[in-house]
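Structure first, then comments.
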Amino acid sequence: MWVQPFRNDVQQVPSKAEAEHKVAVLLNANARKFSNKIVRTLSHVVPEGDLHISRSELDARRIAQTVLDRRYHTVFLGGGDGTFSSFVNEIMNQVELRRQHHPGLQAPRFGVLKLGTGNSVATLMKSSSTRGDGILDDVLRARAGEVPGYRTLDLMMIEGKRAPFAGLGLDGKLLNDYIWVKRNLGKGMLTPVMNGGAGYFTSVAFKTVPYYLAHSNKVECEVINGKGTVAYRIGPNGLPLGEPIPPGGVLFRGELMMAAAGTSPFYGFELKMFPFATKRRGMMNLRIGTLPALKILANLKGLWNGTWFPEGVHDFHCSDVTINFARPMPFQISGDAEGYRESVRMQMAPEAIEVVDFTSAIN
């Protein structure tokens with residue numbers, strides 16, 4: 001294995017024809033499904049100079065610089081949603097910096113290799129699993145210029161980070177509990193078990209649910225629309241309800257157990273948390289939950305499929321909201337636990353990205 005050296009080949013700039021289908025693969029060495037076997041498998045179809053492995057934020061930043069120096073057409077990101085967000089942020093930050101001197105600079109297109117615990121973007125784009133030669137096929141199609149298509153994906157901007165989803169409350173609590181389970185129970189022989197679906201089940205059954213049986217899961221909250229645009233309350237059919245909410249207007253005020261938003265419909269394990277994400281360009285699907293946690297668990301199948309719309313679930317399309325809680329709440333960005341927050345502003349990122357979409361692929 002290797003890590004891309006610091007900008008050791010700035011002079012290697014391909015011609016426009018050479019760059020047309022030039023593909024890089026960026027892997028997160030900390031991803032759940034990362035292994036030496038994955039590296040060896042990919043090395044059969046990806047030249048050594050185009051396969052990059054990151055073990056730290058500094059590695060990711062150096063790799064992002066190399067990606068732009070070499071003018072890759074498509075960049076595949078191997079890991080979960082946290083990896084996806086991390087690499088996209090590093091690359092897009094570099095793009096913005098370089099545009100100060102090169103205004104017409106284009107960002108590369110992105111592909112997703114399904115190597116993480118949560119794979120919301122990979123699920124949306126129908127990326128192949130690690131079974132068989134799936135991820136190899138995805139990369140080979142891109143290198144041959146034979147991908148089925150590309151999808152424009154809006155992202156949110158939260159605390160300077162681009163992300164396909166984020167949330168406060170119950171979902172943040174679950175992710176914080178999952179991290180606790182991995183760190184305290186996922187040791188030795190239990191390491192591979194507690195890093196996947198079994199770890200989520202264990203955290204829900206033995207930590208999250210017992211907590212909410214003993215504590216109230218509702219907290220006073222106010223959600224305010226941004227000053228630059230209107231927002232829309234959405235009904236179960238995906239159509240607006242009532243009049244648009246004006247700039248600076250109140251979307252919600254009262255007790256709730258979760259406030260989350262996404263530009264991708266999914267969380268990990270194909271949980272369709274935001275069924276109206278991608279339905280209105282330039283807007284996120286904000287979802288507010290006022291239901292007891294146990295009622296949610298009793299209707300988990302409908303929630304998982306994105307088909308359960310009880311009175312205590314409120315959906316919105318918006319592009320800029322500030323969420324204020326009466327006390328600090330568990331917080332997550334792209335499936336990574338981020339501690340606790342009392343107030344968070346969620347905005348749409350100023351620029352969408354293009355992602356390899358295998359939805360129409362014939363396998």
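The values are calculated or read from the model by the stated rules, or taken from the named source; none is laboratory data. None of the values given here were measured: they were computed from a predicted structure. Cβ: placed from backbone, ideal geometry, glycine included. Neighbour counts: every protein chain shown.
Descriptive notes on the structure:
- Verdict on residue 302 being in the same structural domain as residue 212 (by TED's automatic domain parsing), over 20 Å from the mean Cα position of the chain (by Cα) and free of Cβ contacts under 8 Å to residues at least 12 places away in the same chain: yes
- Condition check for residue 223: at pLDDT 75 or above and assigned to a strand (DSSP E or B): yes
- Any hit, segment 263-285, residues being among the β-branched types (Val, Ile, Thr), surrounded by 19 or more Cβ atoms within 10 Å (Cβ to Cβ) and assigned to a strand (DSSP E or B): no
- Helices (runs of 4 or more DSSP H) (entirely within segment 81-151) containing at least 3 residues that are at pLDDT below 95 and within 15 Å of residue 268 (Cβ to Cβ): 81-98, 120-124
- Verdict on residue 147 being surrounded by 15 or more Cβ atoms within 10 Å (Cβ to Cβ), among the β-branched types (Val, Ile, Thr) and either out of contact with any Leu (no Cβ under 8 Å at 6 or more places or on another chain) or more than 30 Å from residue 45 (Cβ to Cβ) (or both): yes
- Residue match in segment 91-106 (condition: surrounded by 17 or more Cβ atoms within 10 Å (Cβ to Cβ) and within 18 Å of the chain's Cα centre (by Cα)): yes
- For segment 56-80, a tally of residues being touching a residue at least 12 places away in the same chain (Cβ under 8 Å) and either charged (D, E, K, R) or not in a helix (DSSP H, G or I) (or both) returns 16.
- The single condition from (1) surrounded by fewer than 17 Cβ atoms within 10 Å (Cβ to Cβ); (2) in a strand (DSSP E or B) that residue 330 fails is (1).
- Pairs with Cβ under 6 Å, 6+ apart, first in segment 40-55 and free of Cβ contacts under 8 Å to residues at least 60 places away in the same chain, second among the polar types (S, T, N, Q): 52/4; 54/28
- Filter result for residue 357 (in the same structural domain as residue 223 (by TED's automatic domain parsing), surrounded by 19 or more Cβ atoms within 10 Å (Cβ to Cβ) and touching a Lys or Arg at 6+ places or on another chain (Cβ under 7 Å)): no
- Per-region count, segment 18-35, residues over 19 Å from residue 355 (Cα atoms) and modelled with pLDDT of 90 or more: 1
- Among the residues of segment 353-363, the ones that are at pLDDT 90 or above and touching a Gly at 6+ places or on another chain (Cβ under 8 Å) come to 3 in all.
- In segment 331-344, the residues that are within 13 Å of residue 174 (Cα to Cα) and aliphatic (A, V, I, L, M) reach residues that are assigned to a strand (DSSP E or B) and modelled with pLDDT of 95 or more with C-beta atoms within less than 6 angstrom, at least six apart or across chains, in these pairs: 333/158; 333/161; 333/163; 333/166.
- Matching entry among 173, 218 (being among the basic types (Lys, Arg), touching a strand residue (DSSP E or B) at 6+ places or on another chain (Cβ under 6 Å), at pLDDT 70 or above and surrounded by 23 or more Cβ atoms within 10 Å (Cβ to Cβ)): 173
- Those residues of segment 184-200 which are surrounded by fewer than 13 Cβ atoms within 10 Å (Cβ to Cβ) and at pLDDT below 75, in sequence order: 187, 188, 189, 191, 192, 197
- Qualifying position, being in contact (Cβ under 8 Å) with a residue 12 or more places away in the chain, over 17 Å from residue 155 (Cβ atoms) and part of a loop (DSSP other than H, G, I, E, B), among 291, 297: 291
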